[in-house]
Amino acid sequence: MANVLVLLYAEADGSLAKSGLEALGFAGQVADALQGTLVAGVAGGKVAEAAAFAAGAGAGKVLAVEGAEFESPRYSTDAAAAEALVKASGAEVVVTSGTSRANRILAGVARRTGGQADTHVIAAEAAEGGLKISRWYYRQRIQSVLTRSTRPWFIAVDPGSQPPVSIAKGTAQPESVKVEVTGEMKRTTFTGISAPPAGGQTILPDADLLFVVGAGWTKKQADGNVHAEEASKLILGFLGKSRASLGGSKSVVDMGHEGESVLPFMTHLHQVGQTGATPRHARGLSTCCHGEEPHVVGWRFINERRAVNLDPGCGWARGKADVLYIADAFQLMAKVNDLLK
């Protein structure tokens, strides 16, 4: 029987984020596959609530690294906490959510403990001699199945690829794991979070709908003129009314560097496909996009694909969209916004 450690980070209020609940459920599956024992390791400023969720999910033991030094992301303290939790648990397999906080330290902690790490993992099952996982490479374009003999084996599960575990809080008495924080480790300081104004956030991973805009919004329209300002109002109006997440084609996010008319709120963080993000939304609506193959690959996890384009023969329309609206995107989205009032 193998110990499986699920490495969790408590939020500022002591709770677990959705990604943590996903990792917790996935770790339980790994423990079942290995017929092992699930151990939870929680780090953060306040860990009581996160520890209670871990206990409710079936963790036989809860280890905790708690203190103000561990509340905010920082490589030195996060890596030291993870290393201490792994060693205290004696875990052969370590599961965590592949967030930026965990991915930043995973390779370093694997090196310190003599293990190996895999990121972008989406599935795990029992195999002869232990465990095998499925993971993505090259921006989720190539999927592989592999196993490793090196222990401890660090597995970072892709956020959004698993359902969050639905549990009630249990009763937990976390065992405190001491980590010495030196002055050297505190050279990096956390100064705060910079976020858009309320309502200004356009990247919403948990939204039901992904609204993707293409370069057609910034091109000359039927009257021979560019209407970038009108396009901005229509797009932002739809986002505000529908609470959809915003995505963009590579061409539309590159336009700012090419001296052409741009959508001022569009950044490379919005890019979908062609080495951009591969989002996981229930539905997707593509407007003014040619939708060639790299763009379609970026939509691989979207269940329902719809598109708006004046050209019925475009690359996106040919068998790649479930529903295609042959229409002018300006006119159609203006009507949709009016209906959403």
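The values are calculated or read from the model by the stated rules, or taken from the named source; none is laboratory data. Only a predicted model underlies this, so the values are computations on that prediction, with no experimental measurement involved. Note that each Cβ is placed from the backbone with ideal geometry, even for glycine, and that neighbours are counted across all protein chains shown.
Data for the structure
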| read-out | value |
| --- | --- |
| Residues (aliphatic (A, V, I, L, M), crowded, with 24+ Cβ neighbours inside 10 Å and under 20 Å from the mean Cα position of the chain (by Cα)) located in the stretch 15-41 | Leu16, Ala23, Leu24, Ala27 |
| Condition met for Lys169 (within 24 Å of Arg101 (Cα to Cα), in contact with an Asp or Glu (Cβ under 9 Å, 6 or more places away or on another chain) and touching a residue at least 60 places away in the same chain (Cβ under 8 Å)) | no |
| Within the stretch 65-138, strands (runs of 3 or more DSSP E) holding 3 or more residues that are touching a Lys or Arg at 6+ places or on another chain (Cβ under 9 Å) and buried (at least 16 other Cβ atoms within 10 Å of the Cβ) | 116-127, 130-137 |
| Single match in Ser194, Ser176, Ser166 (criterion: surrounded by fewer than 18 Cβ atoms within 10 Å (Cβ to Cβ) and modelled with pLDDT of 95 or more) | Ser176 |
| The stretch 219-243 residues that are within 18 Å of Phe265 (Cβ to Cβ), paired with ones that are loosely packed, with under 14 Cβ neighbours inside 10 Å and not aromatic (Phe, Trp, Tyr) (beta carbon under 7 Å, 6 or more apart) | Val226/Lys220; Ser232/Pro264; Gly240/Gly199; Lys241/Leu340; Ser242/Leu340 |
| Single match in Ser232, Ser161, Ser194, Ser251 (criterion: in a loop (DSSP other than H, G, I, E, B), farther than 30 Å from Ala55 by Cα and among the hydroxyl-bearing types (Ser, Thr, Tyr)) | Ser194 |
| Residue among Leu210, Leu204 that alone is closer than 23 Å to Ile302 by Cα, touching a residue at least 60 places away in the same chain (Cβ under 8 Å) and either not acidic (Asp, Glu) or not in a loop (DSSP other than H, G, I, E, B) (or both) | Leu210 |
| Residue in the stretch 169-180 that is polar (S, T, N, Q), farther than 30 Å from Ala84 by Cα and not in a helix (DSSP H, G or I) present | no |
| Near pairs, Cβ below 6 angstrom, 6+ apart or cross-chain, from the stretch 259-281 (at pLDDT below 80) to any residue that is surrounded by fewer than 19 Cβ atoms within 10 Å (Cβ to Cβ) and assigned to a strand (DSSP E or B) | Ser261/Val226 |
| Candidates Thr171, Thr150, filtered to the one that is out of contact with any Lys or Arg (no Cβ under 6 Å at 6 or more places or on another chain) and within 30 Å of Glu71 (Cβ to Cβ) | Thr171 |
| Criterion: part of a helix (DSSP H, G or I), within 28 Å of the chain's Cα centre (by Cα) and either at pLDDT below 95 or over 30 Å from His120 (Cα atoms) (or both) - qualifying residue of Phe238, Phe301 | Phe238 |
| Selected residue (criterion: surrounded by the most Cβ atoms within 10 Å (Cβ to Cβ)) from residues of the stretch 139-154 that are within 30 Å of His295 (Cβ to Cβ) and not basic (Lys, Arg) | Gln140 |
| The stretch 1-14, residues that are modelled with pLDDT of 95 or more and either within 19 Å of Lys87 (Cβ to Cβ) or under 15 Å from the mean Cα position of the chain (by Cα) (or both) | Val4, Leu5, Val6, Leu7, Leu8, Tyr9 |
